[in-house]
(Lines give C-alpha, C1' and ligand atoms only; values in the text may rest on other atoms or scores of the structure.)
Protein backbone atom coordinates (compact mmCIF):
# COMPACT_ATOMS: atom_id res chain seq x y z
CA UNK A 1 0.00 0.00 0.00
CA UNK A 2 1.46 3.43 -0.96
CA UNK A 3 2.40 5.70 1.97
CA UNK A 4 3.94 9.14 2.39
CA UNK A 5 7.34 7.48 2.74
CA UNK A 6 6.58 5.11 -0.14
CA UNK A 7 4.57 7.18 -2.67
CA UNK A 8 2.45 5.41 -5.26
CA UNK A 9 4.18 4.58 -8.52
CA UNK A 10 2.00 5.29 -11.52
CA UNK A 11 2.65 4.48 -15.18
CA UNK A 12 0.71 6.30 -17.92
CA UNK A 13 -0.21 4.28 -21.00
CA UNK A 14 -1.25 6.44 -23.94
CA UNK A 15 -1.19 6.61 -27.72
CA UNK A 16 0.87 9.17 -29.63
CA UNK A 17 -2.16 10.71 -31.35
CA UNK A 18 -0.81 14.23 -31.90
CA UNK A 19 1.89 16.53 -30.54
CA UNK A 20 -0.79 18.39 -28.57
CA UNK A 21 -2.02 15.13 -27.02
CA UNK A 22 1.51 14.13 -25.98
CA UNK A 23 1.96 17.55 -24.34
CA UNK A 24 -1.23 17.30 -22.28
CA UNK A 25 -0.21 13.80 -21.10
CA UNK A 26 3.16 15.30 -20.11
CA UNK A 27 1.34 18.08 -18.21
CA UNK A 28 -0.61 15.39 -16.33
CA UNK A 29 2.68 13.68 -15.49
CA UNK A 30 4.13 16.92 -14.06
CA UNK A 31 0.97 17.64 -12.07
CA UNK A 32 0.94 14.19 -10.47
CA UNK A 33 4.63 14.35 -9.60
CA UNK A 34 4.09 17.80 -8.07
CA UNK A 35 1.38 16.22 -5.87
CA UNK A 36 3.73 13.52 -4.59
CA UNK A 37 2.96 10.70 -7.04
CA UNK A 38 5.92 8.88 -8.64
CA UNK A 39 4.62 9.07 -12.19
CA UNK A 40 6.41 7.55 -15.21
CA UNK A 41 5.88 7.91 -18.96
CA UNK A 42 8.00 7.47 -22.07
CA UNK A 43 8.45 11.23 -22.57
CA UNK A 44 12.03 11.35 -21.28
CA UNK A 45 13.01 7.89 -22.48
CA UNK A 46 14.94 7.91 -25.77
CA UNK A 47 15.70 4.22 -26.20
CA UNK A 48 15.72 1.80 -23.26
CA UNK A 49 18.64 -0.66 -23.44
CA UNK A 50 16.35 -3.61 -22.70
CA UNK A 51 14.10 -2.67 -25.64
CA UNK A 52 10.71 -1.00 -25.67
CA UNK A 53 8.64 -4.15 -25.16
CA UNK A 54 10.57 -5.20 -22.05
CA UNK A 55 10.60 -1.63 -20.73
CA UNK A 56 6.81 -1.27 -21.07
CA UNK A 57 6.25 -4.66 -19.48
CA UNK A 58 8.47 -3.73 -16.52
CA UNK A 59 6.71 -0.40 -16.00
CA UNK A 60 3.26 -1.99 -15.91
CA UNK A 61 4.46 -4.78 -13.63
CA UNK A 62 6.20 -2.45 -11.15
CA UNK A 63 3.52 0.27 -10.99
CA UNK A 64 0.90 0.39 -8.26
CA UNK A 65 -1.48 1.81 -10.87
CA UNK A 66 -1.49 2.27 -14.63
CA UNK A 67 -3.48 5.20 -16.02
CA UNK A 68 -4.94 4.48 -19.45
CA UNK A 69 -5.49 7.71 -21.39
CA UNK A 70 -8.51 6.83 -23.51
CA UNK A 71 -8.93 8.32 -26.97
CA UNK A 72 -10.42 7.03 -30.20
CA UNK A 73 -6.92 6.09 -31.39
CA UNK A 74 -5.97 4.27 -28.16
CA UNK A 75 -9.26 2.35 -28.14
CA UNK A 76 -8.79 1.28 -31.75
CA UNK A 77 -5.33 -0.06 -30.97
CA UNK A 78 -6.39 -1.67 -27.68
CA UNK A 79 -9.15 -3.55 -29.50
CA UNK A 80 -6.72 -4.61 -32.27
CA UNK A 81 -8.51 -2.68 -35.00
CA UNK A 82 -5.53 -0.57 -36.05
CA UNK A 83 -3.67 -1.03 -39.32
CA UNK A 84 -0.80 -3.55 -39.13
CA UNK A 85 2.45 -2.01 -37.95
CA UNK A 86 0.84 1.24 -36.69
CA UNK A 87 0.87 2.26 -33.02
CA UNK A 88 2.74 -0.79 -31.77
CA UNK A 89 3.53 0.75 -28.36
CA UNK A 90 -0.06 1.41 -27.29
CA UNK A 91 -1.15 -1.91 -28.83
CA UNK A 92 1.44 -3.81 -26.79
CA UNK A 93 0.66 -1.98 -23.54
CA UNK A 94 -3.07 -2.59 -23.99
CA UNK A 95 -2.39 -6.29 -24.61
CA UNK A 96 -0.38 -6.50 -21.37
CA UNK A 97 -3.18 -4.79 -19.45
CA UNK A 98 -5.83 -7.09 -20.91
CA UNK A 99 -3.73 -10.14 -20.11
CA UNK A 100 -3.28 -9.14 -16.46
CA UNK A 101 -7.01 -8.45 -16.01
CA UNK A 102 -7.72 -11.87 -17.52
CA UNK A 103 -5.24 -13.60 -15.23
CA UNK A 104 -6.89 -11.94 -12.22
CA UNK A 105 -10.26 -13.44 -13.23
CA UNK A 106 -11.55 -10.08 -14.49
CA UNK A 107 -10.73 -8.26 -11.21
CA UNK A 108 -9.22 -4.87 -11.94
CA UNK A 109 -7.65 -2.92 -9.08
CA UNK A 110 -4.67 -1.38 -10.91
CA UNK A 111 -5.78 -0.06 -14.30
CA UNK A 112 -7.65 3.26 -14.31
CA UNK A 113 -9.14 4.88 -17.42
CA UNK A 114 -8.77 8.67 -17.69
CA UNK A 115 -10.04 11.08 -20.35
CA UNK A 116 -9.31 14.69 -21.26
CA UNK A 117 -12.78 15.52 -22.57
CA UNK A 118 -16.35 14.26 -22.43
CA UNK A 119 -16.33 12.81 -25.95
CA UNK A 120 -13.56 10.32 -25.13
CA UNK A 121 -15.73 8.54 -22.55
CA UNK A 122 -17.18 6.66 -25.52
CA UNK A 123 -13.66 5.38 -26.34
CA UNK A 124 -12.89 3.60 -23.07
CA UNK A 125 -11.82 0.06 -24.09
CA UNK A 126 -14.34 -2.64 -23.22
CA UNK A 127 -11.95 -4.39 -20.79
CA UNK A 128 -11.93 -1.21 -18.67
CA UNK A 129 -15.61 -0.40 -18.97
CA UNK A 130 -16.61 -1.71 -15.52
CA UNK A 131 -14.41 0.57 -13.39
CA UNK A 132 -14.54 4.26 -12.52
CA UNK A 133 -13.01 6.70 -14.99
CA UNK A 134 -11.78 10.24 -14.31
CA UNK A 135 -11.91 13.44 -16.38
CA UNK A 136 -8.50 14.88 -15.61
CA UNK A 137 -9.16 18.11 -17.49
CA UNK A 138 -11.56 19.10 -14.67
CA UNK A 139 -10.31 20.12 -11.24
CA UNK A 140 -12.87 17.90 -9.48
CA UNK A 141 -12.06 14.96 -11.72
CA UNK A 142 -8.32 15.32 -11.13
CA UNK A 143 -8.83 15.56 -7.37
CA UNK A 144 -10.92 12.37 -7.35
CA UNK A 145 -8.15 10.60 -9.31
CA UNK A 146 -5.50 11.83 -6.88
CA UNK A 147 -7.60 10.58 -3.96
CA UNK A 148 -7.84 7.18 -5.68
CA UNK A 149 -4.10 6.95 -6.29
CA UNK A 150 -3.16 8.07 -2.76
CA UNK A 151 -5.93 6.21 -0.90
CA UNK A 152 -7.51 9.38 0.50
CA UNK A 153 -11.33 8.95 0.32
CA UNK A 154 -13.65 11.94 0.27
CA UNK A 155 -15.19 10.84 3.57
CA UNK A 156 -13.72 9.08 6.57
CA UNK A 157 -15.48 6.09 8.07
CA UNK A 158 -17.64 6.81 11.09
CA UNK A 159 -17.32 4.62 14.20
CA UNK A 160 -19.80 1.80 14.78
CA UNK A 161 -21.60 1.81 18.14
CA UNK A 162 -20.75 -1.05 20.49
CA UNK A 163 -24.43 -1.78 21.05
CA UNK A 164 -26.89 -2.15 18.20
CA UNK A 165 -29.99 0.02 18.37
CA UNK A 166 -33.09 -1.97 19.28
CA UNK A 167 -36.21 -1.46 17.18
CA UNK A 168 -39.53 -2.92 18.35
CA UNK A 169 -41.87 -4.77 15.99
CA UNK A 170 -44.46 -2.43 14.53
CA UNK A 171 -47.32 -4.55 15.90
CA UNK A 172 -46.13 -4.25 19.50
CA UNK A 173 -47.66 -1.56 21.68
CA UNK A 174 -44.97 0.87 22.80
CA UNK A 175 -45.29 2.69 26.09
CA UNK A 176 -45.05 6.46 25.60
CA UNK A 177 -42.31 6.67 28.26
CA UNK A 178 -40.02 4.57 26.08
CA UNK A 179 -40.22 6.94 23.15
CA UNK A 180 -37.44 9.43 22.61
CA UNK A 181 -39.98 11.99 21.49
CA UNK A 182 -43.52 12.95 22.42
CA UNK A 183 -45.88 10.65 20.55
CA UNK A 184 -48.48 13.44 20.54
CA UNK A 185 -46.15 15.50 18.36
CA UNK A 186 -46.31 12.95 15.53
CA UNK A 187 -48.48 14.19 12.65
CA UNK A 188 -51.28 11.90 11.61
CA UNK A 189 -50.44 9.88 8.49
CA UNK A 190 -52.65 10.11 5.45
CA UNK A 191 -53.36 7.84 2.53
CA UNK A 192 -51.90 10.36 0.09
CA UNK A 193 -48.94 9.46 -2.11
CA UNK A 194 -45.58 10.95 -1.12
CA UNK A 195 -43.84 12.44 -4.17
CA UNK A 196 -40.67 14.48 -4.60
CA UNK A 197 -40.47 16.15 -7.99
CA UNK A 198 -38.31 18.42 -10.08
CA UNK A 199 -40.45 21.30 -11.31
CA UNK A 200 -39.79 21.92 -14.99
CA UNK A 201 -38.18 25.28 -15.77
CA UNK A 202 -37.08 27.32 -18.78
CA UNK A 203 -34.37 29.88 -19.49
CA UNK A 204 -32.16 31.35 -22.19
CA UNK A 205 -28.58 30.52 -23.05
CA UNK A 206 -26.18 32.60 -21.00
CA UNK A 207 -28.74 33.17 -18.24
CA UNK A 208 -29.49 31.67 -14.84
CA UNK A 209 -32.42 29.36 -14.17
CA UNK A 210 -34.02 28.49 -10.82
CA UNK A 211 -35.25 24.91 -10.45
CA UNK A 212 -37.60 24.04 -7.59
CA UNK A 213 -37.78 20.70 -5.80
CA UNK A 214 -41.28 20.15 -4.42
CA UNK A 215 -42.80 17.57 -2.09
CA UNK A 216 -46.28 16.12 -1.78
CA UNK A 217 -46.01 15.55 1.96
CA UNK A 218 -47.90 13.33 4.40
CA UNK A 219 -46.68 15.28 7.41
CA UNK A 220 -44.26 12.66 8.75
CA UNK A 221 -41.14 13.70 6.82
CA UNK A 222 -38.22 14.97 8.93
CA UNK A 223 -35.19 14.59 6.66
CA UNK A 224 -34.31 14.23 2.98
CA UNK A 225 -31.25 13.23 0.99
CA UNK A 226 -30.85 12.98 -2.77
CA UNK A 227 -28.65 13.77 -5.74
CA UNK A 228 -29.54 15.51 -8.97
CA UNK A 229 -27.82 14.61 -12.24
CA UNK A 230 -27.57 17.08 -15.12
CA UNK A 231 -25.68 17.51 -18.38
CA UNK A 232 -22.60 19.60 -17.54
CA UNK A 233 -22.30 20.57 -21.21
CA UNK A 234 -25.63 22.40 -20.95
CA UNK A 235 -25.85 23.59 -17.34
CA UNK A 236 -23.44 24.73 -14.63
CA UNK A 237 -24.40 24.39 -10.98
CA UNK A 238 -24.17 27.68 -9.04
CA UNK A 239 -25.91 27.26 -5.67
CA UNK A 240 -28.96 25.97 -3.81
CA UNK A 241 -31.23 27.43 -1.13
CA UNK A 242 -34.05 26.24 1.10
CA UNK A 243 -37.60 26.60 -0.19
CA UNK A 244 -40.44 28.48 1.49
CA UNK A 245 -41.73 25.33 3.25
CA UNK A 246 -38.32 24.36 4.65
CA UNK A 247 -37.04 27.64 6.10
CA UNK A 248 -36.47 26.03 9.54
CA UNK A 249 -34.41 23.19 8.08
CA UNK A 250 -30.65 22.87 7.55
CA UNK A 251 -29.31 22.50 4.02
CA UNK A 252 -26.03 20.74 3.21
CA UNK A 253 -24.72 20.82 -0.37
CA UNK A 254 -22.20 18.34 -1.81
CA UNK A 255 -20.90 19.84 -5.06
CA UNK A 256 -17.61 17.91 -5.34
CA UNK A 257 -18.91 16.20 -8.50
CA UNK A 258 -20.78 19.23 -9.89
CA UNK A 259 -18.39 19.59 -12.83
CA UNK A 260 -19.24 15.98 -13.72
CA UNK A 261 -22.97 16.81 -13.69
CA UNK A 262 -23.90 15.62 -10.19
CA UNK A 263 -24.81 17.55 -7.03
CA UNK A 264 -26.00 16.12 -3.69
CA UNK A 265 -28.35 17.74 -1.17
CA UNK A 266 -29.37 16.96 2.42
CA UNK A 267 -32.32 18.76 4.03
CA UNK A 268 -32.70 18.14 7.77
CA UNK A 269 -35.54 19.53 9.90
CA UNK A 270 -35.10 20.11 13.65
CA UNK A 271 -35.92 17.33 16.14
CA UNK A 272 -39.69 16.80 16.55
CA UNK A 273 -40.46 18.89 13.45
CA UNK A 274 -41.79 17.61 10.15
CA UNK A 275 -42.96 19.12 6.90
CA UNK A 276 -46.60 20.12 7.09
CA UNK A 277 -48.82 17.74 5.15
CA UNK A 278 -50.03 18.89 1.75
CA UNK A 279 -49.01 19.04 -1.89
CA UNK A 280 -46.40 21.14 -3.67
CA UNK A 281 -44.34 21.90 -0.57
CA UNK A 282 -41.27 23.85 -1.66
CA UNK A 283 -38.15 22.10 -0.30
CA UNK A 284 -35.18 23.46 -2.23
CA UNK A 285 -34.39 25.80 -5.11
CA UNK A 286 -31.31 24.98 -7.20
CA UNK A 287 -29.65 27.70 -9.25
CA UNK A 288 -28.00 26.75 -12.53
CA UNK A 289 -26.37 28.76 -15.26
CA UNK A 290 -27.39 27.84 -18.81
CA UNK A 291 -24.14 27.76 -20.77
CA UNK A 292 -23.97 30.09 -23.74
CA UNK A 293 -22.40 27.15 -25.62
CA UNK A 294 -25.38 24.88 -24.89
CA UNK A 295 -26.54 22.90 -27.92
CA UNK A 296 -29.76 21.36 -26.62
CA UNK A 297 -33.29 22.75 -26.54
CA UNK A 298 -34.17 20.69 -23.46
CA UNK A 299 -31.93 19.04 -20.88
CA UNK A 300 -32.93 16.54 -18.21
CA UNK A 301 -32.61 16.86 -14.43
CA UNK A 302 -32.76 13.38 -12.93
CA UNK A 303 -32.71 12.13 -9.35
CA UNK A 304 -29.82 9.80 -8.51
CA UNK A 305 -27.68 8.39 -5.71
CA UNK A 306 -24.26 9.97 -6.38
CA UNK A 307 -22.80 11.64 -4.41
CA UNK A 308 -25.70 11.32 -1.91
CA UNK A 309 -28.19 8.43 -1.77
CA UNK A 310 -31.91 9.09 -2.08
CA UNK A 311 -33.84 8.77 1.17
CA UNK A 312 -36.68 10.31 3.14
CA UNK A 313 -36.87 9.65 6.90
CA UNK A 314 -39.32 10.24 9.74
CA UNK A 315 -38.68 11.50 13.29
CA UNK A 316 -37.18 8.16 14.36
CA UNK A 317 -34.90 8.03 11.29
CA UNK A 318 -37.00 5.33 9.66
CA UNK A 319 -37.12 5.18 5.88
CA UNK A 320 -40.30 6.41 4.23
CA UNK A 321 -41.53 5.31 0.78
CA UNK A 322 -41.46 8.00 -1.87
CA UNK A 323 -41.90 8.41 -5.61
CA UNK A 324 -39.11 10.41 -7.28
CA UNK A 325 -40.15 12.36 -10.39
CA UNK A 326 -37.43 13.90 -12.56
CA UNK A 327 -37.85 17.02 -14.67
CA UNK A 328 -36.10 19.18 -17.25
CA UNK A 329 -34.98 22.66 -18.26
CA UNK A 330 -36.13 24.01 -21.62
CA UNK A 331 -33.47 26.16 -23.25
CA UNK A 332 -34.79 29.03 -25.35
CA UNK A 333 -32.65 30.60 -28.05
CA UNK A 334 -32.12 34.33 -28.17
CA UNK A 335 -30.72 36.65 -30.80
CA UNK A 336 -28.23 38.44 -28.60
CA UNK A 337 -26.81 37.27 -25.31
CA UNK A 338 -26.42 40.50 -23.33
CA UNK A 339 -24.80 38.94 -20.29
CA UNK A 340 -24.03 35.52 -18.98
CA UNK A 341 -22.98 34.15 -15.59
CA UNK A 342 -19.30 33.50 -15.00
CA UNK A 343 -19.22 29.71 -14.92
CA UNK A 344 -15.52 29.31 -15.61
CA UNK A 345 -14.80 28.77 -11.91
CA UNK A 346 -17.01 25.69 -12.02
CA UNK A 347 -14.80 24.02 -14.61
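Quick notes
- Unique match (being more than 16 Å from residue 200 (Cα to Cα) and buried (at least 18 other Cβ atoms within 10 Å of the Cβ)) among 225, 243: 225
- Qualifying residue in region 252-260 (condition: surrounded by fewer than 17 Cβ atoms within 10 Å (Cβ to Cβ), more than 30 Å from residue 120 (Cα to Cα) and in contact with a helix residue (DSSP H, G or I) (Cβ under 9 Å, 6 or more places away or on another chain)): no
- Out of 293, 345, sole residue that is surrounded by fewer than 18 Cβ atoms within 10 Å (Cβ to Cβ), assigned to a loop (DSSP other than H, G, I, E, B) and either at pLDDT below 95 or out of contact with any helix residue (DSSP H, G or I) (no Cβ under 9 Å at 6 or more places or on another chain) (or both): 293
- Boolean, residue 272 is in a strand (DSSP E or B), surrounded by fewer than 20 Cβ atoms within 10 Å (Cβ to Cβ) and touching a helix residue (DSSP H, G or I) at 6+ places or on another chain (Cβ under 7 Å): no
- Only listed residue being over 17 Å from residue 112 (Cα atoms), in contact (Cβ under 8 Å) with a residue 60 or more places away in the chain, in contact with a helix residue (DSSP H, G or I) (Cβ under 7 Å, 6 or more places away or on another chain) and part of a loop (DSSP other than H, G, I, E, B), chosen from 43, 16: 16
- Qualifying residues in region 62-74 (those that are under 25 Å from the mean Cα position of the chain (by Cα) and over 20 Å from residue 109 (Cα atoms)) - the one modelled with the lowest pLDDT: 74
- Residue 137 buried (at least 19 other Cβ atoms within 10 Å of the Cβ), in a loop (DSSP other than H, G, I, E, B) and modelled with pLDDT of 90 or more: no
- Selection from region 34-61 of residues that are closer than 19 Å to residue 108 by Cβ and in contact with a strand residue (DSSP E or B) (Cβ under 6 Å, 6 or more places away or on another chain): 59, 60
The values are calculated or read from the model by the stated rules, or taken from the named source; none is laboratory data. Computed from a prediction, not measured in an experiment: that's the story for all the values here. Because the Cβ atoms are built from the backbone with ideal geometry, glycine has one as well, and the counts that use them run over all protein chains shown.
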